[in-house]
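Report on one structure; see the data block that follows.
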Amino acid sequence: MTIGKIIEAVRFCIDEEAQNGSNLAYANDKTRMDGIIKDKIGDALRWVCLNAPVELLSGTDTVSGTTPVDTGIIVDKSGTFTASGTEFIYNSMSGRTTGYGRIVTGEDFIKLARVRVDGWHRAIINPFAEDSEEYLQLFDEYGAMGTPDRPQGALINKKVKEIEVWPVSENDAVEYSYVATIPDSDIDTSSDTNNVALPPNARTSFIYYLAFLLLSAYGDGRSTRMLEIAKMSLLRQ
């Protein structure tokens, strides 16, 4: 979606909700309004990435010729767990034939989409917390261990987040996908013809959240309604 189309869509949201859009106090303040919209594109995109169900974040609304332009929002990675690894690290457990794996994510990591290890019968989508009872049991010899039929995963909140997964043997292959933040430096707003690739199913929420940020900057009470619409648009379809 071009910068110009984004601005047009946000303005339409405001006019649609106004009793008399042509008489808005700031209606003629085109330069400032467009500047606010451009400045908040990165914030709106990050909000969508953080709050949208992962299934709404796939795909792209932008093509270059006939080639789809990747949004960069969902990142796929793969590797092998080894004891000497730096990204995919194998940890043995005393008295057990299998251990667990530790995935060191990138600084752009927002949330996990999925992770699956060779030999597992299903993937993990929702890892549990490090302070949960489920996590405690994984290290208890009498607790519920992770198995190929019942793999387990936990999100470790560090400066750079990590994901621990069970069960893992050394040299097991793993693939995982995560939702990434888009740096502001990757969003070029210098021309209205430049594109910001957006996931089609989350585009409505993105536009209405931008409208919320814009109206909030003006102290306009209608911003609350824009935020409600943005949230409702993220409901699973």
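A short reminder: the numbers here are calculations on the coordinates, not readings from a lab. Quick caveat: nothing in here was measured; it's all calculated off a predicted structure. In this analysis, Cβ positions are derived from the backbone assuming ideal geometry, glycine residues included, and neighbour counts consider all displayed protein chains.
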Of the beta bridges DSSP finds with both residues in the chain, what % are antiparallel, to the nearest 5? 90 percent
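Suppose we flag trypsin sites (Lys or Arg not before Pro) only when DSSP calls them loop and at most 12 other Cβ atoms lie within 10 Å. Which is the longest uninterrupted stretch of the chain?
Working: sites that count: ARG96, ARG122, LYS158, LYS159, ARG236.
Of all site-free stretches, the longest is 1-95.
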Excluding residues on the same chain fewer than 8 positions from LYS77, give the lysines whose Cα lies under 18 Å from its Cα. LYS111, LYS161
For GLY59, list long-range residues whose amide hydrogen, built 1.01 Å from N in the peptide plane, is under 5 Å from its own amide hydrogen. none
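Give, rounded to the nearest 20 debye, the magnitude of the charge dipole that the chain has about its Cα centre when Lys and Arg contribute +1 at Cβ and Asp and Glu contribute -1 at Cβ. Show your work: numbers first, answer last.
Numbers: 23 positive and 34 negative charges, 80 e Å.
Once rounded to the nearest 20, the dipole reads 380 debye.
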Residues whose built amide H sits under 5 Å from the amide H of ILE73, excluding neighbours closer than 5 in sequence, are none
Placing one identical point scatterer on every Cα of the stretch 102-160 and ignoring solvent, what is log10 I(q)/I(0) from the Debye formula at q = 0.12, 0.13, 0.17, 0.30 Å⁻¹? -0.31, -0.37, -0.62, -1.33
Taking the chain on its own, what percent of its Cα-Cα pair distances exceed 28 Å? 44 percent
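Please give me, ordered by residue number, the chymotrypsin sites (Phe, Trp or Tyr not before Pro) of the stretch 100-171 that lie in loop per DSSP and have at most 13 other Cβ atoms within 10 Å. List each step's numbers first, then the result.
Working: sites: TYR100, PHE109, TRP120, PHE128, TYR135, PHE139, TYR142; in loops: TRP120, PHE139, TYR142.
Filter output for the stretch 100-171: PHE139, TYR142.
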Karplus-derived HN-Hα couplings along the stretch 69-86 (A = 6.51, B = -1.76, C = 1.60, θ = phi - 60°), whole Hz, x at Gly and Pro: 9, 5, 6, x, 6, 9, 10, 9, 9, 8, x, 9, 6, 9, 5, 9, x, 10
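How high is the relative contact order of the chain, in percent, counting Cα pairs under 8 Å that sit 6 or more residues apart? Each step should come with its number before you reach the end.
Numbers: 413 pairs, mean separation 69.8, N = 237.
Dividing the mean separation by the residue count of the chain yields 29 percent.
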Using the Cα gyration tensor of the stretch 74-179, the equivalent ellipsoid's semi-axes, largest first and to the nearest Å, work out to 20, 15, 13
Is there a quick way to get the dipole size of the stretch 128-172? I mean about its Cα centre, with the Cβ of Lys and Arg at +1 and of Asp and Glu at -1; what is the value in debye to the nearest 20? 260 debye
